[in-house]
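Undergrad: Mind having a look at this structure? Questions to follow.
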Amino acid sequence: MTSEAELYNLIPQAPAHFKSGFVGIIGRPNVGKSTLMNALVGQKIAITSPIAQTTRNRLRGILTTDEAQVIFVDTPGIHKPHHQLGRVLVQNAQIAIQSVDSLVFVVDASVELGGGDRYIADLLTKTESPIILGLNKVDLQRDRAVEESYLALALAQGWTVVRFSALEEDGLPELQQAIYEKLEPGPYYYPPDLVTDQPERFIMGELIREQILRLTRDEVPHSVAVAIEKVDEQETLTHVMAVVNVERDSQKGILIGKKGAMMKEIGSAARLQIQKMIAGKVHLELFVRVQPKWRQSRTRLAELGYRVEEE
Ligand SMILES: Nc1nc2c(ncn2[C@@H]2O[C@H](COP(=O)(O)OP(=O)(O)OP(=O)(O)O)[C@@H](O)[C@H]2O)c(=O)[nH]1
Ligand SMILES: [Mg+2]
């Protein structure tokens, strides 16, 4: 573990021409914000899934080149919240809008502009920061005419527009160029080789949650919170103990599966992902615990790592 003081020593003096800044990635759930951040940074920092509301925390992904350091801030999708967890997520996304230097507003450009996008567009009128409208998922477009509604909005608001496919990593150099053009001269905020500000433990929990999103359906994915209880690094093996919190006994049953089959599948898939991240062998132990209504309780939310963030 690197302490904050040690981290500070790893931060070099920026040359005179150096540019840097915080770039928020915002948009409706499921438009591809996390996929985009991972592609831009070149490493998997945020988990992704076809299920809306995958991202629950503000996550930073750092891209450092000789000329610039960009800190991308991936945010939970902005939507109409139905419970306390949803409210916290949306509030954090809104805080992110106010606390960054510029924004990439990501939309799914394979479908028409909708009410959810307009709601976000309205929020954006309150910020002075430069905005790039990111037309994502262009690989899925059947008719380019769907873009017209977005182009009209961008024109009215004076936003720059870039089209790309985050999944196929197509059009991203153009987006990077547009982002660099909006950066101001600034220092290194993080050591040049750091790709995220998230501790390994947090990402381990997320990699487990990603497999649960992938393998279970219905209410289970939204009712799951993973807590890493112990990480014991030995010479040849890292022992990880995690607790998967759910809200109901029935969800616990689904997660465990017939004779523990589901838990086994989640565990071995997550173990492989964690091994990739830490580049070492992992022994993963998973437990399931029922925590009724954790998504509605402020205290439980905070215990599980979901709180309104300050900036
Ligand atoms: N075809 C296609 N699919 C994409 C593209 N970008 C993302 N996706 C898919 O869209 C789904 C959602 O992607 P995420 O990156 O998790 O979306 P998000 O905006 O971070 O979602 P939340 O965290 O829930 O707000 C995943 O299944 C991705 O693989 C793209 O450019 N093309
Ligand atoms: Mg996401």
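Undergrad: With respect to the numbered conditions (1) over 22 Å from the mean Cα position of the chain (by Cα); (2) closer than 30 Å to Val282 by Cα, which one is the sole condition not fulfilled by Ala156?
TA: (2)
Undergrad: Within the range 263-276, identify whether any single residue is touching a Phe, Trp or Tyr at 6+ places or on another chain (Cβ under 6 Å) and either farther than 23 Å from Thr55 by Cβ or hydrophobic (A, V, I, L, M, F, W, C) (or both), and answer yes or no. Give the steps one after another, and end with the answer.
TA: Filtering the range 263-276 for residues touching a Phe, Trp or Tyr at 6+ places or on another chain (Cβ under 6 Å) gives none.
No, the range 263-276 has no match at all.
Undergrad: Among the residues of the range 112-140, write down those that are buried (at least 17 other Cβ atoms within 10 Å of the Cβ), in a loop (DSSP other than H, G, I, E, B) and more than 16 Å from ligand 2 (Cβ to nearest atom).
TA: Leu113, Ser129, Pro130
Undergrad: Counting only residues that are on the phi < 0 side of the Ramachandran plot and either outside the structural domain of Thr35 (by TED's automatic domain parsing) or assigned to a loop (DSSP other than H, G, I, E, B) (or both), how many does the range 160-181 have?
TA: So the first thing to find is which residues in the range 160-181 are on the phi < 0 side of the Ramachandran plot, and the list is 160-168, 170, 172-181.
Next cut, either outside the structural domain of Thr35 (by TED's automatic domain parsing) or assigned to a loop (DSSP other than H, G, I, E, B) (or both) only: 164, 166-168.
Count: 4.
Residues checked against (1) part of a helix (DSSP H, G or I); (2) within 11 Å of ligand 2 (Cβ to nearest atom):
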{"residue": "Gln13", "(1), (2)": "no, no"}
{"residue": "Met37", "(1), (2)": "yes, yes"}
{"residue": "Ile51", "(1), (2)": "no, yes"}
{"residue": "Thr55", "(1), (2)": "no, yes"}
{"residue": "His82", "(1), (2)": "no, no"}
{"residue": "Leu85", "(1), (2)": "yes, no"}
{"residue": "Ala93", "(1), (2)": "yes, yes"}
{"residue": "Ile97", "(1), (2)": "yes, no"}
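Undergrad: Shifting gears a bit: Would you pick out the residues in the range 254-271 that are surrounded by fewer than 14 Cβ atoms within 10 Å (Cβ to Cβ) and either within 24 Å of the chain's Cα centre (by Cα) or not in a helix (DSSP H, G or I) (or both)? Lay out the reasoning, then the answer.
TA: Initially, the range 254-271 is screened for residues surrounded by fewer than 14 Cβ atoms within 10 Å (Cβ to Cβ), giving 258-261, 264, 268.
Ser268, the sole residue that qualifies.
Undergrad: Still on this model: Please determine whether any residue of the range 8-28 is at positive phi, within 11 Å of ligand 1 (Cβ to nearest atom) and at pLDDT below 90.
TA: No - not one qualifying residue is present in the range 8-28.
Undergrad: Please identify the pairs in which a residue from the range 89-104 that is free of Cβ contacts under 8 Å to residues at least 40 places away in the same chain has its Cβ atom under 7 Å from the Cβ atom of a residue that is among the β-branched types (Val, Ile, Thr) and not in a helix (DSSP H, G or I), counting only partners at least 6 apart or on another chain.
TA: Hits for this filter: Val90/Ile78.
Undergrad: Would you check if Val31 is modelled with pLDDT of 95 or more and away from ligand 1 (no atom under 12 Å from the Cβ)? First the steps, then the outcome.
TA: Working: modelled with pLDDT of 95 or more: yes; away from ligand 1 (no atom under 12 Å from the Cβ): no.
The answer is no for Val31.
Undergrad: Could you tell me whether the range 235-246 includes any residue that is in contact (Cβ under 8 Å) with a residue 60 or more places away in the chain and within 25 Å of the chain's Cα centre (by Cα)?
TA: Quick first cut of the range 235-246, residues in contact (Cβ under 8 Å) with a residue 60 or more places away in the chain only: none.
No, the conditions are met nowhere in the range 235-246.
Undergrad: Residue by residue through the range 141-159, note down the ones that are among the small types (Gly, Ala, Ser) and assigned to a helix (DSSP H, G or I). Before you say what the answer is, go through the steps one by one.
TA: So the first thing to find is which residues in the range 141-159 are among the small types (Gly, Ala, Ser), and the list is 145, 149, 152, 154, 156, 158.
Selection gives Ala145, Ser149, Ala152, Ala154, Ala156.
Undergrad: Now, a different point. Out of Lys126, Lys137, report the one residue that is assigned by TED's automatic domain parsing to the domain that holds Arg60 and at positive phi. Give the steps one after another, and end with the answer.
TA: On the way: Lys126 fails: at positive phi.
One residue alone meets the criteria, Lys137.
Undergrad: Let me ask you something else. Residue check, Val290 against (1) within 21 Å of Met37 (Cβ to Cβ); (2) free of Cβ contacts under 8 Å to residues at least 60 places away in the same chain; (3) touching an Asp or Glu at 6+ places or on another chain (Cβ under 7 Å), all met but one. Which one?
TA: (1)
Undergrad: I'd like to verify a number: residues in the range 64-96 that are more than 11 Å from ligand 1 (Cβ to nearest atom) and touching a strand residue (DSSP E or B) at 6+ places or on another chain (Cβ under 6 Å), how many? Before you say what the answer is, go through the steps one by one.
TA: Start the filter on the range 64-96 by keeping residues that are more than 11 Å from ligand 1 (Cβ to nearest atom), which leaves 64-73, 80-88, 91-92, 94-96.
Narrowing further to those that are touching a strand residue (DSSP E or B) at 6+ places or on another chain (Cβ under 6 Å): 68-73, 96.
Count: 7.
Undergrad: I'd like to verify a number: residues in the range 57-80 that are more than 16 Å from ligand 2 (Cβ to nearest atom) and not hydrophobic (A, V, I, L, M, F, W, C), how many? Write out each step before concluding.
TA: Narrowing the range 57-80 to residues more than 16 Å from ligand 2 (Cβ to nearest atom): 62-71, 80.
Applying the additional criterion that residues be not hydrophobic (A, V, I, L, M, F, W, C) yields 64-67, 69, 80.
Counting residues in the range 57-80 that are more than 16 Å from ligand 2 (Cβ to nearest atom) and not hydrophobic (A, V, I, L, M, F, W, C) gives 6.
Undergrad: Can you name the residue in the range 76-114 that is touching a Leu at 6+ places or on another chain (Cβ under 8 Å) and of a type in the set (Ser, Thr, Tyr) and, of all such residues, is nearest to Ser20 (Cα to Cα)?
TA: In this case the residue turns out to be Ser102.
Undergrad: Okay, moving on. Note down all Cβ pairs under 8 Å where the first residue falls in the range 14-32 and is farther than 29 Å from Lys80 by Cα, the second is among the hydroxyl-bearing types (Ser, Thr, Tyr) and away from ligand 2 (no atom under 11 Å from the Cβ), and they're at least six residues apart or on different chains.
TA: Pairs found: Ala14/Ser20; Ala14/Tyr188; Phe18/Tyr188; Lys19/Tyr180; Ser20/Tyr188; Ser20/Tyr189; Gly21/Ser102.
The values are calculated or read from the model by the stated rules, or taken from the named source; none is laboratory data. Fair warning: this is a prediction, and the values are worked out from it, not measured in the lab. Note that we place each Cβ from the backbone using ideal geometry, even for glycine, and neighbour counts take in every protein chain shown.
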